[in-house]
Ligand code: FES
């Protein structure tokens, strides 16, 4: 069982920490291919492998159907990290959809770096529908990466602006 939130409270020294890690839960969008990752996510649930509530799973028919704007919009809406999960090499049901997605995510990572958001906020991985543990591990990894980077400044300023308008 993966207990990401549990890490913040283990050990006596954490009890005195005035700002526990759980003070901010990164918001992660996981675009999951319906043929592999979405099933792996469901299997993770069936196996009671846990990941934080801040992770939103969005099913896509193939990662090759994901356009750049879908991913960029996720960041514009305040996602702290985006994970794209497609079929294994040679296993894409649309033949080369996962290869196209890889090229797209590489391009977007460059854009994210150029605009100062950080390329590591976006990651693409490949797995099969039986790889539930690996799926959860990848979620855990991107959460850890994003935690080290801090909140998405776009989402943060958006929230501040809307709070000011109320
Ligand atoms: Fe899974 Fe294309 S069908 S990535």
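Would you mind getting me the FRET efficiency between residue 106 and residue 133? Use the beta-carbon distance for r and R0 = 30 Å, nearest 0.05. Each step should come with its number before you reach the end.
Numbers: r = 26 Å, r/R0 = 0.87.
Rounded to the nearest 0.05, the efficiency is 0.70.
Full extension from residue 24 to residue 120: what is 0.36 nm times the residue separation minus their Cα-Cα distance, to one decimal in nm? Show your work: numbers first, answer last.
Details: separation 96, 0.36 × 96 = 34.56 nm, distance 1.84 nm.
So the extension gain works out to 32.7 nm.
Values quoted throughout were computed directly from the atomic coordinates according to the rules given, and no laboratory measurement underlies them. Small disclaimer: the values here were computed from a predicted structure and weren't measured. Neighbour counts are summed over all protein chains in view; Cβ atoms, including those assigned to glycine, are modelled from backbone coordinates with ideal geometry.
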